[in-house]
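**Student:** Pasting in a structure now, in structure tokens, and then I'll have a few things to ask.
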Amino acid sequence: MKLMYRLMLSFFTIIVTLMIIVSISFINVTNNSMYRNTWQQLKSYSDSLIQDSIRYNMATQNFEGFATASLNSNANLLTRQNVHFAIYDTTQRKIFASNGFAPTMSREDWKKLQKGQTVYTKLITPKINTRISNTTAPRMTEVSRPYFYKGKMIAVVSIATFVSTIEQNMHQIKVNLIMALLIASLVTLAVSYFLARSITRRIGRLRMATHQIARGNYNVEVDEKGRDEVADLGRSFNQMTASLRASQQEIRRQEERRRQFMADAAHEMRTPLTTINGILEGLQYDAIPEEDKKHSIQLMQNDTRRLIRLVNDNLDYEKIRTNQIAMERKVFDAAAVLTNLREQLSKKATEKGDELQLAVTPNLRVYADYDRFVQIMFNIIQNAIQFTDNGVIKISGKRQEHGSQFQIADNGIGMTKDQLDNIWERYYKADRSRMNTKYGESGLGLAIVHQLVHLHGGKIAVDSEYGKGTTFTLYFPDRDYAPHNNQQTDHSDKK
């Protein structure tokens, strides 16, 4: 069954069920009200005939009985209104009965009457004189009422009337309610159709938009206004399409960078491989003079290290990206590490005409993975050397609240805003004219740095001005403030 028909059936069932419950309640209330009104009227008739027919001894002020003539007159009058009554004395002996009216009175009812209570009987079938009808007397409703004089019960009046009038009125009410229920059901069906149609139409728009998404069209949007669940679904759908568009754009951008990287990597690997192959052939056929063999072997070693570095950068990035790297943190002296790095990179800096300046607090304690910390600092300092000619590269470090802060500042070529926004992207190269240099061939160095710093729970920021230089600022939190996960092992010392 389609959703529209299910909604229609739900709306129709709920509304019709509610109308039926209301109708039944109304019938019950009306029926009880009609009986209560009838009983109230019978009580007034009973009081009137007692007042008209009771006799007193004026001298002794005692009750003497009832006037038969008055009772007969009232009986004739009430009979015309289909009302019959019987009067009993205190011994439950019938004193008078109109048209032979003979109701049955139980012991329990008589006890209630002796206590001054009025007894109401909804339906009875008493014996009456049916001279005006050849049929058996129909059902009646009865009120039995006691009367007292000077604190003593003197008589009980049982008065009743036919319920046919009440039943006729109730039948007419039921017929009217059934007609109203049928009309309301038709109206409910129409209203249910329009309500279900309005909901399914909106869902249909979402369904059509989903088909567009399935075909690869991520530019579709659903115009949903309102505050209901369908409107919320539409807004969530629009957010999803926006995310898909952004993801698609990112995928295309990354794919373009991947293709560019593959082209760059192929170019980078082709040159050293060609060099190595040429030297090996020369060695194989003794085409290289003896005095040049040592230099040739050094060239092969340099190109081999270059290839290894290219491959390792890719492997490192994928391990970090997929959270497959194990972090073994401990507290160590960062000043000693930076001093060693300056010595290792001083030759490369000298070749570029750069000066490495170190300003680090002695015995600067840092909580990090030793090898990854070296890798982070090595990549950033190497990056500064790559983009600085005949300049100064300042390496500084100091303690801060709950951690250690480091800065690598250079006065090199700097970066534009667009370059600054993309430096953490893999395969991105701020200066493509330098991609063939022997430093930073892969375009993954800063992307690896960014991932590693965040794995430490630290922060990294970069400030740069084109033509004036770049400053990297790194923060490593202490042990008590650094996050730990399942891939990290704590080997802290307390020195």
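The values are calculated or read from the model by the stated rules, or taken from the named source; none is laboratory data. Computed from a predicted model, the values in this text were never measured in an experiment. Every residue, glycine as well, gets a Cβ built from its backbone with ideal geometry; the counts of neighbours run over all protein chains shown.
**Student:** Could you check, for the stretch 71-88, whether at least one of its residues is free of Cβ contacts under 8 Å to residues at least 24 places away in the same chain, surrounded by 11 or more Cβ atoms within 10 Å (Cβ to Cβ), closer than 30 Å to S198 by Cα and among the hydroxyl-bearing types (S, T, Y)? First the steps, then the outcome.
**Tutor:** First, pick out the residues of the stretch 71-88 that are free of Cβ contacts under 8 Å to residues at least 24 places away in the same chain: 72-73, 76-77, 79-80.
Of the ones still in play, those that are also surrounded by 11 or more Cβ atoms within 10 Å (Cβ to Cβ) are 72-73, 76-77, 79.
Right, trim to closer than 30 Å to S198 by Cα and you get none.
No.
**Student:** Another one. Looking only at the stretch 189-234, filter to residues that are over 20 Å from L9 (Cα atoms) and of a type in the set (G, A, S); which one of those is modelled with the lowest pLDDT?
**Tutor:** G226
**Student:** Checking T60 against (1) assigned to a helix (DSSP H, G or I); (2) exposed (fewer than 11 other Cβ atoms within 10 Å of the Cβ); (3) of a type in the set (S, T, N, Q), which single condition isn't satisfied?
**Tutor:** (1)
**Student:** Now, a different point. Restricting attention to the stretch 221-250, which residues are surrounded by fewer than 11 Cβ atoms within 10 Å (Cβ to Cβ) and assigned to a helix (DSSP H, G or I)?
**Tutor:** Listed by number, the residues that qualify are E229, Q239.
**Student:** Same structure, new question: For the stretch 262-274, indicate whether the set of residues that are part of a helix (DSSP H, G or I), of a type in the set (S, T, Y), loosely packed, with under 12 Cβ neighbours inside 10 Å and free of Cβ contacts under 8 Å to residues at least 40 places away in the same chain is non-empty.
**Tutor:** From the stretch 262-274, those part of a helix (DSSP H, G or I) are 262-274; that's our starting set.
Pick out the ones that are also of a type in the set (S, T, Y) and you get 271, 274.
Still in the list and also loosely packed, with under 12 Cβ neighbours inside 10 Å: 274.
Still in the list and also free of Cβ contacts under 8 Å to residues at least 40 places away in the same chain: 274.
Within the stretch 262-274, one or more residues are part of a helix (DSSP H, G or I), of a type in the set (S, T, Y), loosely packed, with under 12 Cβ neighbours inside 10 Å and free of Cβ contacts under 8 Å to residues at least 40 places away in the same chain.
**Student:** Take the residues of the stretch 253-283 that are among the small types (G, A, S) and either under 16 Å from N312 (Cα atoms) or touching a His at 6+ places or on another chain (Cβ under 6 Å) (or both): which is modelled with the highest pLDDT?
**Tutor:** Taking the stretch 253-283 and keeping what is among the small types (G, A, S), we get 263, 265-266, 278, 282.
Next cut, either under 16 Å from N312 (Cα atoms) or touching a His at 6+ places or on another chain (Cβ under 6 Å) (or both) only: 265-266.
Details: A265: 68, A266: 75.
Of everything passing the filter in the stretch 253-283, A266 is modelled with the highest pLDDT.
**Student:** I've got another one for you. Name every residue in the stretch 77-123 that is among the charged types (D, E, K, R) and within 21 Å of T165 (Cα to Cα), in order of residue number. Spell out the reasoning first.
**Tutor:** Taking the stretch 77-123 first, the residues among the charged types (D, E, K, R) are 80, 89, 93-94, 107-109, 111-112, 115, 122.
Listed by number, the residues that qualify are R80, K122.
**Student:** Please specify each residue of the stretch 323-334 satisfying the condition of being buried (at least 20 other Cβ atoms within 10 Å of the Cβ) and not in a strand (DSSP E or B).
**Tutor:** A334
**Student:** Look at the stretch 276-306 and say how many of its residues are loosely packed, with under 14 Cβ neighbours inside 10 Å, among the aliphatic types (A, V, I, L, M) and not in a helix (DSSP H, G or I).
**Tutor:** Count: 1.
**Student:** Continuing with this model, one more query. Just name the residue that is surrounded by the most Cβ atoms within 10 Å (Cβ to Cβ) out of those in the stretch 335-388 that are among the charged types (D, E, K, R) and assigned to a loop (DSSP other than H, G, I, E, B). Can you show your working first?
**Tutor:** Of the residues in the stretch 335-388, the ones among the charged types (D, E, K, R) are 342-343, 347-348, 351-352, 354-355, 365, 369, 371-372.
Pick out the ones that are also assigned to a loop (DSSP other than H, G, I, E, B) and you get 352, 354.
Working: K352: 19, D354: 23.
Only one residue fits best here, namely D354.
**Student:** Another one. Can you tell me how many residues within the stretch 389-428 are surrounded by 19 or more Cβ atoms within 10 Å (Cβ to Cβ), farther than 24 Å from A335 by Cα and hydrophobic (A, V, I, L, M, F, W, C)?
**Tutor:** Count: 3.
**Student:** Considering every residue within the stretch 362-382, establish whether at least one is over 17 Å from H450 (Cα atoms), of a type outside the set (K, R) and over 50 Å from the mean Cα position of the chain (by Cα).
**Tutor:** Taking every residue of the stretch 362-382 in turn, at least one turns out to be over 17 Å from H450 (Cα atoms), of a type outside the set (K, R) and over 50 Å from the mean Cα position of the chain (by Cα).
**Student:** I've got another one for you. Does the stretch 29-45 include one or more residues that are touching a residue at least 40 places away in the same chain (Cβ under 8 Å), within 30 Å of V191 (Cα to Cα), within 60 Å of the chain's Cα centre (by Cα) and part of a helix (DSSP H, G or I)?
**Tutor:** Within the stretch 29-45, one or more residues are touching a residue at least 40 places away in the same chain (Cβ under 8 Å), within 30 Å of V191 (Cα to Cα), within 60 Å of the chain's Cα centre (by Cα) and part of a helix (DSSP H, G or I).
**Student:** Moving on to the next point. Kindly indicate the residue of the stretch 150-173 that is exposed (fewer than 15 other Cβ atoms within 10 Å of the Cβ) and touching a helix residue (DSSP H, G or I) at 6+ places or on another chain (Cβ under 9 Å) and also nearest to S53 (Cα to Cα) among those meeting that condition.
**Tutor:** Taking the candidates together, the pick is T165.
**Student:** Still on this model: Are there any pairs with C-beta distances below 6 angstrom linking a residue in the stretch 168-191 that is in contact (Cβ under 8 Å) with a residue 40 or more places away in the chain and within 30 Å of R139 (Cα to Cα) to a residue that is surrounded by 15 or more Cβ atoms within 10 Å (Cβ to Cβ) and small (G, A, S), with the two at least 6 apart or on different chains, and if so which?
**Tutor:** Correct list of pairs: L177/S23.
**Student:** Here is a further query. Within the stretch 16-23, identify whether any single residue is touching a Lys or Arg at 6+ places or on another chain (Cβ under 9 Å), of a type in the set (G, A, S), surrounded by 11 or more Cβ atoms within 10 Å (Cβ to Cβ) and farther than 30 Å from V187 by Cα, and answer yes or no. So that I can check it myself, show each step before the final result.
**Tutor:** Filtering the stretch 16-23 down to residues touching a Lys or Arg at 6+ places or on another chain (Cβ under 9 Å) leaves 23.
Restricting the remaining residues to those that are of a type in the set (G, A, S) gives 23.
When the remaining residues are screened for being surrounded by 11 or more Cβ atoms within 10 Å (Cβ to Cβ), the result is 23.
When the remaining residues are screened for being farther than 30 Å from V187 by Cα, the result is none.
There is no residue in the stretch 16-23 that is touching a Lys or Arg at 6+ places or on another chain (Cβ under 9 Å), of a type in the set (G, A, S), surrounded by 11 or more Cβ atoms within 10 Å (Cβ to Cβ) and farther than 30 Å from V187 by Cα.
**Student:** Determine whether the stretch 14-35 contains at least one residue that is modelled with pLDDT of 85 or more, within 23 Å of P146 (Cβ to Cβ) and of a type outside the set (D, E, K, R).
**Tutor:** yes
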